[in-house]
1. Scanning for something more than 14 Å from chain B (Cβ to nearest Cβ) and surrounded by fewer than 17 Cβ atoms within 10 Å (Cβ to Cβ), does region A:456-464 turn up at least one residue?
2. Run residue B:291 past the list (1) more than 28 Å from the chain's Cα centre (by Cα); (2) surrounded by 13 or more Cβ atoms within 10 Å (Cβ to Cβ); (3) touching a residue at least 40 places away in the same chain (Cβ under 8 Å) and report the number of the one that doesn't hold.
3. Residues that are in contact (Cβ under 8 Å) with a residue 40 or more places away in the chain, in a loop (DSSP other than H, G, I, E, B) and touching a helix residue (DSSP H, G or I) at 6+ places or on another chain (Cβ under 9 Å): does region A:261-279 have at least one?
4. Right, residue B:31: buried (at least 22 other Cβ atoms within 10 Å of the Cβ), over 22 Å from residue B:148 (Cα atoms) and away from chain A (no Cβ under 12 Å) or not?
5. Go through A:192, A:167 for me and flag whichever is assigned to a helix (DSSP H, G or I) and surrounded by fewer than 18 Cβ atoms within 10 Å (Cβ to Cβ).
6. Might you check whether a residue that is touching a residue at least 60 places away in the same chain (Cβ under 8 Å), surrounded by fewer than 12 Cβ atoms within 10 Å (Cβ to Cβ), in contact with a strand residue (DSSP E or B) (Cβ under 7 Å, 6 or more places away or on another chain) and within 30 Å of residue B:205 (Cβ to Cβ) occurs anywhere in region B:314-326?
7. Can you tell me which residues in region B:59-73 are assigned to a strand (DSSP E or B) and within 22 Å of residue B:193 (Cα to Cα)?
8. For region B:34-43, what are the residues that are part of a loop (DSSP other than H, G, I, E, B), within 12 Å of chain A (Cβ to nearest Cβ) and either over 24 Å from residue B:223 (Cβ atoms) or touching a strand residue (DSSP E or B) at 6+ places or on another chain (Cβ under 7 Å) (or both)?
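The values are calculated or read from the model by the stated rules, or taken from the named source; none is laboratory data. Everything numeric in this text was worked out from a predicted model, so none of it was measured. Ideal geometry is used to build each Cβ from the backbone, glycine not excepted, and the neighbour counts take in all protein chains shown.
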């Protein structure tokens, strides 16, 4: 029986002995925190776009969106987003099928390769690709020109096409992850019965397997589309030098050009509104498309599906796949590492040019670099801890206390998930620059922290609430009836039961915070550079090899914490 | 002595009233069964008693202490109501060992260490779980987890225990054994148990006193198992506690007829016991209380006969009506066999009369 847990007699509830009950305090806090951290920035963006201080002002918005360079940025955003997403979907689905349903060998190796892109932030990958393929300077381009005696660089990555390809190869593992799990959970009898009815293998793949995985494919596609539309790192690394802008990079450019001028920031907010609209349209279109066709044939329990024999094409496919994966996943890492040990950028990769001088330069007496590492670690830890506690409290309020308006709380908390990081950052600038409550966090590390909390709260909320929903009411009621107060029940029963989820949700925040660039690039001040910002600064100022060295440090930190979280979550006990 | 008292409880979920003006006393040392169909509000009552939901009106006393009252603005939280509760899904904490599960209430009551160890030991002995102290709940079967839940309820409060469908999740054989164990446990410890179930047989088997609730959350009858079986208070109770037939009957100038569409059938010339004169009557009769009697003027045809080992089940048609009739296998040793299509005479014994609620019956 589903019970309604809304406390009715509120005046009675108070007679618990305390004037303020824990339930009420937590509910109140949840609303308060979400309002300040999430709602306020969003409201400030809308307010500043359409209100110039004294009156409704639509003219500025119209002027900004009709400006030629902004129109070009919008066009680029949509073109890059759509085509990169399509490409990523095709590649991702192909690999998902190959690994999920075919008898291709070396699956373990390929799975491992797929896990790597999740650890490298997009701007680092883009930086590596830039080192390989940017015009005449790119290492691979130079190699090809030498080998084939070409007069011109064969590839130029600093184009819209280049950005599309790099986004596609960076994002296809996201599609792969969604689809492969669906394929593995699909009831194999559905395909078998089609074969028994006389359908050929290829026909079954097209008419049975693919349609059944459409929900998974489309959710993967949407994820990629939204991430690509709001991505800052890749277009910033690849397009900036050639004046190719997308909406997120244009927003950052506007803020930088404004140099603190409020009118410039208002133009950036107008672009933010446009970006949000673009993302919202993407969400809406995906909803519409998904409406026709919901399949519940994919079951939660894992079944061992029959693997399809590839026969003659098995080894050719294997070679192509491994080469492709190694190329798109490992080479960027290798190139970054090699550049990081070069004496000077542009020298060929040979033993006599290798040295550790760059590491010495970034670590010894380089306050900016050391500070950036400290800042990122501080931000990662504190955002992780704060989001963890807020996530536990919010999910407890939403799923256990179930106050009036609990649905609103949930919507508010997951809203930043689909809100581009650039937009969130602009909102934070507007909200925390002394305009509201006279609080000024701008140019301090605290504004970055607030932005991280807003952005990553949904991660911990999802993780904690999934776990909390498995903790049945009766477990807590049992401890209440045993004489434990509400607080004691939480501490003795509920928290221990969701501990594994809490640990992993800390890392769900810590890891992305460590490699963050999109938000911090807008919010950093002289003393609050993050790792990502520092790498970008080094690169812009021409210290390519030092940027590479710092990137290697960042990747090592990320990989170590990733290994830790995997080790912790592996032996989690089921409830 | 009254152990727990509920007075005029009214509980609503939104606009839906679950129970209205519900009053019930639980006496010390008894097993009181609260029985009713799913959704009748019995779990709601338990939750109100335990302090997990607040009633909209009414008062609750436990051990003569007022723990809840809307008027007097009293609401003691669950932890200070001194109850043991056994939940339907056991609610054994999966992260604590058996020992720690049973120890937990004593820890919260700050019982001294030596004493509490003794109490946990005794409780585990009572439910025959000695030797499992170090086990984690995931290593136990459903029945064993249930015992741990009971042991925990015993250490939590050995004098008033609420059990909400405690055996529903067990298989049929275990259920029977568990009922006997609960019974013996209660006799040994003299605790008071409120036992909530939708299973009327389990309740009648186990409880000293049974409260039967209907779909609307109203108490239909309260009494010993014997009283309820012998004298069901109304048609709902009659049909709820076992297989039953209902036949509308009428009186015409001192003779009593089974009301039929075509022609009424006279079955008695004298006033049957319990008949409500001057009202519409509905005869309720158990399948075992209809017997074959060739001399009876009430004639019927056997439409189906099923042998179930200990008894025969017959479906006989009487006019347009089908009745269910049970005949013990022992009775059929008289040599007389009844098979489908046979014409038989029926006699009713020990029938009950209820004022007809069914408006379809016209006199």
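1. No.
2. So residue B:291 meets the others, but not (1).
3. no
4. no
5. Just a single option satisfies the conditions, and that option is A:192.
6. no
7. B:59, B:60, B:61, B:62, B:65, B:66, B:67, B:68 - these are the residues of region B:59-73 that are assigned to a strand (DSSP E or B) and within 22 Å of residue B:193 (Cα to Cα).
8. Scanning region B:34-43 gives B:40, B:41.
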